[in-house]
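The values are calculated or read from the model by the stated rules, or taken from the named source; none is laboratory data. From a predicted model like this one, the values you see are computed outputs, not experimental measurements. So basically every Cβ, Gly included, is an ideal-geometry build from the backbone, and we count neighbours across all protein chains shown.
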Amino acid sequence: MRFEDMILISTDDHIVEPAHTFANHVPKKYLDQAPHIITLPDGQQRWKFVDRLVATPGGAAVAGRAPEELGSEPTKFEHMRKGCYDVHARIGDMNVNGVLAQMCFPTMTGLGGELFLAHPSKEIMLVLVQAYNDFHIDEWCGAYPGRFIPMGIVPLWDPQLAVQEIKRIAAKGARAITFPENTTMFGLPSIHQEYWNPVWEAMVDHDMTLAVHIGSGGGFRFPSLDSPLDVGMSVMNLQMAEFVSDMVFSPVLRKYPALKLAVSEGYMGWIQFLKERIDYIYEMHKCWCFQDFGDKTPSWYVENNFLLCFTEDPTGVKNRDDIGIDRITWESDYPHADSTWPKSPERLWKNHNFDSLTEEEINKITHVNAMKWFSFDPFKHIKKEEATVAALREQGKDVDMTLLRGGDKLGIITPGKVITARDQIRLAEECDLAPTRKTVGAAGTQHVKVDAAA
């Protein structure tokens with residue numbers, strides 16, 4: 001097998017929502033309440049929602065930029081590759097990269113759909129959640145059957161409404177919902193509370209996957225505000241261990257053992273240590289911590305309930321037998337700064353020693369596991385021989401690959417000066433990211449809760 005023969009399904013990519021996202025899906029009487037693009041006097045384009053002006057955060061739409069240009073913020077659509085926000089151009093960029101299908105997380109709504117918690121009206125919040133899902137499933141995914149795994153967001157402020165929305169979008173073909181990695185960061189009950197039980201039950205009933213993306217419940221964390229940004233970026237994937245541990249030691253998986261969770265952009269090289277550690281903690285401390293896993297161990301749930309998703313993780317692939325070859329999927333993370341686009345096949349093959357893997361192992365990592373986990377069959381629409389890296393790149397050979405340059409520095413970059421956590425916080429404030437992020441450091445904790453009952 002050659003890398004050109006691989007079939008690639010990515011389980012983590014992102015939409016930069018186009019300006020018309022809500023126009024076709026929000027009833028006219030609510031349209032003035034929906035997020036909409038405005039242009040500021042300095043030329044920046046932002047989403048206006050309630051009293052907020054939300055910008056696309058740095059690094060979230062930088063595909064096609066030279067490395068030295070990654071710090072130029074894409075504050076206008078013209079600063080981005082069209083594939084970030086236009087589904088037809090996205091297909092071209094997928095073809096260039098030899099990628100058959102993607103599962104795309106939201107951007108403007110927050111990774112867990114938490115933006116809509118900011119609206120004072122529950123009625124309008126629900127309208128906006130449903131409108132976003134209709135855009136994503138009907139317009140984005142529906143434009144090219146077999147090229148996208150449909151996912152949705154839910155009304156986080158009301159679990160019964162969330163159940164209704166899960167049922168509604170499952171009937172439309174959604175195979176996953178995105179969910180915050182730490183709900184308490186948005187003033188919501190923790191996963192340990194029965195508040196969320198209807199959601200877990202609905203996910204099991206509809207055989208859907210709960211996709212939890214890094215950074216969806218608090219953003220980066222740093223040892224101090226003086227810590228270089230590199231620190232947060234280096235350990236952000238490891239922070240997913242907190243969510244996995246929290247879920248395992250919660251009552252959730254013991255009550256809903258069929259619940260499927262995807263650790264999106266969480267990678268996997270760390271998972272073996274975590275499994276060993278949680279089993280050791282359980283063995284040594286269960287008598288006084290009052291945990292009871294019966295005839296199972298905490299690691300059993302890691303091995304049976306979690307899908308692990310990686311962009312570049314040679315250690316994880318090397319330990320695939322211990323981790324579980326059936327629980328590993330690949331992701332391209334387009335159009336984020338960490339993305340390997342447009343050379344994903346080459347990097348995946350070379351950096352992970354795929355020439356030493358069997359064809360069955362390669363197929364599981366590249367597409368078979370994703371198809372099984374998300375009940376997704378692209379071959380109902382596309383012939384296998386037309387789905388390989390080589391075949392798709394042939395279709396994308398005329399795509400314009402001119403590097404993008406230009407953007408707004410937004411005040412955080414001084415040439416030659418190391419960017420720090422403090423700079424990152426300033427950027428988040430300038431982008432008005434939703435609805436709040438938590439930053440823990442030497443200067444203390446910054447945290448503003450959203451009133452879910454509003």
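Tabulated data for the structure shown
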item	result
Flag if Thr183 is closer than 19 Å to Trp373 by Cβ, of a type in the set (S, T, N, Q) and touching a residue at least 24 places away in the same chain (Cβ under 8 Å)	no
Members of the range 291-349 that are of a type in the set (Val, Ile, Thr) and farther than 16 Å from Glu276 by Cβ	Thr311, Val317, Ile325, Ile328, Thr329, Thr340
Among residues of the range 159-203, those that are hydrophobic (A, V, I, L, M, F, W, C) and surrounded by fewer than 16 Cβ atoms within 10 Å (Cβ to Cβ), counted	1
Count - residues of the range 269-288 that are surrounded by 14 or more Cβ atoms within 10 Å (Cβ to Cβ) and out of contact with any Ser or Thr (no Cβ under 8 Å at 6 or more places or on another chain)	5
Complete set of residues in the range 74-117 that are among the basic types (Lys, Arg), assigned to a loop (DSSP other than H, G, I, E, B) and crowded, with 22+ Cβ neighbours inside 10 Å	Arg81
Out of Tyr144, Tyr195, sole residue that is within 20 Å of Ala258 (Cα to Cα) and in contact with a helix residue (DSSP H, G or I) (Cβ under 7 Å, 6 or more places away or on another chain)	Tyr195
Answer residue from the range 319-337, given it is charged (D, E, K, R) and in contact (Cβ under 8 Å) with a residue 40 or more places away in the chain and is farthest from Gly83 (Cα to Cα) among those	Asp322
Looking only at the range 63-73, and only at residues there that are more than 20 Å from Glu346 (Cβ to Cβ) and touching a residue at least 24 places away in the same chain (Cβ under 8 Å), the one that is surrounded by the fewest Cβ atoms within 10 Å (Cβ to Cβ)	Leu70
Residue that is surrounded by the fewest Cβ atoms within 10 Å (Cβ to Cβ) [pool: residues in the range 298-338 that are touching a helix residue (DSSP H, G or I) at 6+ places or on another chain (Cβ under 7 Å) and among the acidic types (Asp, Glu)]	Asp322
Qualifying residue in the range 38-56 (condition: surrounded by 15 or more Cβ atoms within 10 Å (Cβ to Cβ) and in a helix (DSSP H, G or I))	no
Among the residues listed as Ser234, Ser190, Ser216, the single one being of a type in the set (S, T, N, Q) and at pLDDT 95 or above	Ser190
Which numbered condition Thr11 misses (of (1) over 30 Å from Lys372 (Cα atoms); (2) buried (at least 24 other Cβ atoms within 10 Å of the Cβ); (3) polar (S, T, N, Q))	(1)
